[in-house]
Amino acid sequence: MINGQIFRDAIISGANNIENNKQMINDLNVFPVPDGDTGTNMSLTIMAAKKDLKDLEIEGIGEMADKCASALLKGARGNSGVILSLLFRGFARELIGVTNANSADLARAFAGGVKSAYAAVMKPTEGTMLTVARVSSEQATIYAKKKPDEVSLFERIVEVASQTLDKTPEMLPVLKQANVVDAGGKGVLTIYEGMLSVFKDGKIIPLDTPEMQEEKSKTTKADFGSFNIDDIKFAYCTEFIVMKGKKCNADKLRSYLHTLGDSVVCVEDTDIVKVHLHTNNPGKALEEAVKHGLLTRMKIENMKEQQEQMAEEEAPTKAEKPKSGKLEKPAKAIKPIGVVAVCAGSGIAAVFKDLGADYIVEGGQTMNPSTDDIIMAVNSVPADTVIVFPNNKNIIMAARQAAELYKKKKIYVVPTKTVPQGVTALLCFSPEEDIDANIATMTDSIAGVRTGSITFAARDSVFDDKKIKEGEILGLIEGKIATINKDIEKCTIDIAKKITADGASFLTIFYGEDVEEKKATALATKLTNTLKCEVNVLYGGQPVYYYIISAE
C-alpha cells in the first residue's frame, strides 16, 4: 500500500532525479520548438512541489496528492511543466478520500492524470510526453487486472514508459530529424524512475553536484543548428496565473487565447487559472487575462533567441561581459521587472539564472565591474524596471551610481554584500508585489544571512593585529578575518561552526574552481555529522575563494 508519506518521498525523489538530469533533457528538446528548456521547466515545476511537500506529515495519499497537484500547478513552467502538473492533478482527483492506495487505485489515478492532460491540450501531438504517459497508463490498467502489488505495477509503468519513449522518433518526424527521443517524455520517465526508487527500495535519490550533472549530460544531443528560427511561427512563450475575479470565465479566456497562437494550455483550479501559450502578441494575452482577475507569476521568453543560443552552443549560465563602447538602444520591455546580478563563477551564475536573473555581470572581489558595465547590463534587460544585486560591498556604490546616471530605465539596488545575500534576496522576489514592496522585503531578508568565506593570503601582512603569512588559509565572516589556519578543511569547518552558532538551520556551501568535487562532498558530509543543520553543497566555480558559505 502507498500512503501519503511514501508518496511524498516518491515525489521528492522524482524531483531530485530530474533536477540531476535536467541538462541532458534540455539537450534533447526540439519540440514544439528547439529552445532547449524542457528539462529546466519540468525540474522547476516539480521542485516547487518538493518545496511544499517536504515538511508535510499527511498519512492519506489522497490529501498528499492534492497538495502536490496544487503546488505543481502554481509552480508550472513551460508547456511541459503545465502538462506535468495536469498529469498529477488528474491523478489526485482519482484518489480523493483514499488513505492507502493499492495497485488498482494507482492504475486508476494514472488513467485520470492522462485524461486530465489530454482534455486541456486542444491539439495533442503523439510522440510526446503525453504519449509516454498515456501508453504506460493504459498498460498499467491492463496489468492491474492481474492484481499485482504496487511495486510490480509501478515497475510495469516505468518499463512501458521507457519502451514508448524509444519509439517517439518514429511518431514525430522532428525528433527523427534531430536523432533524439522526446525531451518531455524523457522527463516523465526520469520522474517515474525517481519515484520507483522509493516505492521499491525506500530510497530517495539524492541531488547530484553540478559536475555529476554535467557528466550525465554527455549523451545524445539534438542538432539545434539544423533548425531554422524562421520555422518558429510564434516567438514568445508566455505564462501567467490569473487570480480569479468575480467575472472570471476560464472557457472564454481559453477561446480567446487560441486566436493568438498555439501550445495553449489554460487550466482552471479552485482560485486560479494557469495559462501557457506561444504567441507573437503576449501583450494582448495579458490584456484579455486581466479582465478575469489579478495576474501573477508572469513570464515571457523569446524562443527564437533561445534557439539561436542553443545553436551557437553558448552556455546559458555563463556570466555575460557587457559590451564596451556606445550604449545600444534599450531592450524592449516584455516583462514588468528584470534582474541583474553580479557574480564570479559559472556555478554561482547558474544559481542566479535559475532563480530568474536576466543578466549576469562578471565581477567580484578582485574584478569589480564599473558603473558603465552595470548600465550596459541593465540596458540589455527586457524590462523598464530593473533590480541590481551587487553581491559585494565594493560594487554597491557603482550600482547606485548607475541608478543615478541612467534614466531610460528605473534601477533599484538591493545592497547585497555577498553572493549568499543575493541568493536569499532573489528568492524573496514576488511578481505579484509592487517594486517598493519587493525591495523592502528583499532588503530585510539580507539581515538573516551570515556569510563565511575561505581564501588564502597573497602576501605577508598584518590585519586586525593578526600576523598573516603568505599562503596561509584565511577564514572570513562578513569579510572580516575570523580564523587563520594552514589547512583548508579545518579552516572551513571552524568558520561553519562560528556562523551557525546562533542556531542556523540551513548551510549552503559553494566550492570554487580550485576545489575538487570529492573534497567538497566529503567536507559537506563532515559538516552534516557535526552541525545540527541541513548542509547543501553546490559548485560555485568562483576564483579566489575555496569556499563561500551561507548560514540561515
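The values are calculated or read from the model by the stated rules, or taken from the named source; none is laboratory data. Here the structure is a predicted model, which is why all the values come from computation and not from measurement. Heads up, the Cβs are rebuilt from the backbone with ideal geometry, glycines too, and the neighbour counts pull from every protein chain shown. Each accessible area value is taken on the protein alone, full model and side chains, heavy atoms only, with ligands, DNA and RNA left out. Shrake-Rupley method; radii C 1.70, N 1.55, O 1.52, S 1.80 Å.
Being surrounded by 24 or more Cβ atoms within 10 Å (Cβ to Cβ), at pLDDT 90 or above and either touching a Phe, Trp or Tyr at 6+ places or on another chain (Cβ under 8 Å) or in a loop (DSSP other than H, G, I, E, B) (or both) narrows it down to one residue among ILE360, ILE374; which is it?
Criteria check complete, one pass: ILE360.
Across segment 337-347, what is the total count of residues that are modelled with pLDDT under 90 and either of a type in the set (Ser, Thr, Tyr) or at negative phi (or both)?
Here the count works out to 3.
May I ask you to list pairs of residues, at least six apart or on different chains, whose Cβ atoms are under 9 Å apart, with the first in segment 489-508 being without any contact (Cβ under 8 Å) to a residue 60 or more places away in the chain and buried (at least 21 other Cβ atoms within 10 Å of the Cβ) and the second being part of a helix (DSSP H, G or I) and of a type in the set (S, T, N, Q)?
From residues that are without any contact (Cβ under 8 Å) to a residue 60 or more places away in the chain and buried (at least 21 other Cβ atoms within 10 Å of the Cβ), the pairs are ALA496/THR530; LEU507/THR528.
So which residues in segment 121-137 are of a type in the set (Val, Ile, Thr), part of a helix (DSSP H, G or I) and closer than 13 Å to ILE83 by Cβ, if there are any at all?
Selection gives THR131, VAL132.
Being farther than 17 Å from ALA344 by Cβ, open to solvent by less than 80 Å² (accessible area, probe 1.4 Å) and in contact (Cβ under 8 Å) with a residue 60 or more places away in the chain is the requirement here; does VAL544 meet it?
So VAL544 fails the test.
Whether any residue in segment 156-179 is in contact with a strand residue (DSSP E or B) (Cβ under 6 Å, 6 or more places away or on another chain), on the phi < 0 side of the Ramachandran plot and at pLDDT 85 or above is what I want to check.
No - not one qualifying residue is present in segment 156-179.
Tell me, which residue of segment 281-305 that is open to solvent by 70 Å² or more (accessible area, probe 1.4 Å) and touching a strand residue (DSSP E or B) at 6+ places or on another chain (Cβ under 7 Å) is farthest from ASP262 (Cα to Cα)?
LEU294
Return the pairs, sorted by first residue and then second, in which the second residue is among the β-branched types (Val, Ile, Thr) and open to solvent by 30 Å² or more (accessible area, probe 1.4 Å), the first residue lies in segment 428-443 and is within 16 Å of GLY356 (Cα to Cα), the beta carbons are less than 7 Å apart, and the residues are 6+ apart or on different chains.
Sorted first by the residue in segment 428-443, then by its partner, the pairs are CYS428/THR441.
For segment 99-113: of the residues being surrounded by fewer than 22 Cβ atoms within 10 Å (Cβ to Cβ) and hydrophobic (A, V, I, L, M, F, W, C), which is nearest to LYS186 (Cα to Cα)?
ALA111
Exactly one of these conditions fails for SER445: (1) in contact with a Cys (Cβ under 6 Å, 6 or more places away or on another chain); (2) farther than 27 Å from ILE387 by Cα. Give me its number.
The one condition SER445 does not meet is (2).
Of everything in segment 123-146 that's touching a helix residue (DSSP H, G or I) at 6+ places or on another chain (Cβ under 7 Å) and open to solvent by 50 Å² or more (accessible area, probe 1.4 Å), which residue is nearest to THR190 (Cα to Cα)?
Within segment 123-146, the match that is nearest to THR190 (Cα to Cα) is ARG134.
So, in segment 22-51, of the ones that are open to solvent by 20 Å² or more (accessible area, probe 1.4 Å) and modelled with pLDDT of 90 or more, which residue ends up nearest to LYS274 (Cα to Cα)?
In this case the residue turns out to be MET47.
Right, GLU534: surrounded by fewer than 19 Cβ atoms within 10 Å (Cβ to Cβ), within 21 Å of PRO206 (Cβ to Cβ) and without any contact (Cβ under 8 Å) to a residue 60 or more places away in the chain or not?
So GLU534 passes the test.
Do any helices (runs of 4 or more DSSP H) lying entirely in segment 1-120 carry at least 2 residues that are of a type in the set (Gly, Ala, Ser), and which ones are they?
Filter on segment 1-120 gives 4-20, 38-53, 61-75, 78-93, 103-120.
May I ask you to list pairs of residues, at least six apart or on different chains, whose Cβ atoms are under 7 Å apart, with the first in segment 130-148 being over 14 Å from LYS115 (Cα atoms) and the second being open to solvent by 40 Å² or more (accessible area, probe 1.4 Å) and assigned to a helix (DSSP H, G or I)?
Sorted first by the residue in segment 130-148, then by its partner, the pairs are GLN139/ARG156; ALA140/ARG156; TYR143/ARG156; ALA144/ALA104.
Mind listing just one residue for me: the one in segment 388-402 that is assigned to a helix (DSSP H, G or I) and open to solvent by less than 30 Å² (accessible area, probe 1.4 Å) and, of those, nearest to ILE375 (Cα to Cα)?
Here the answer is ALA402.
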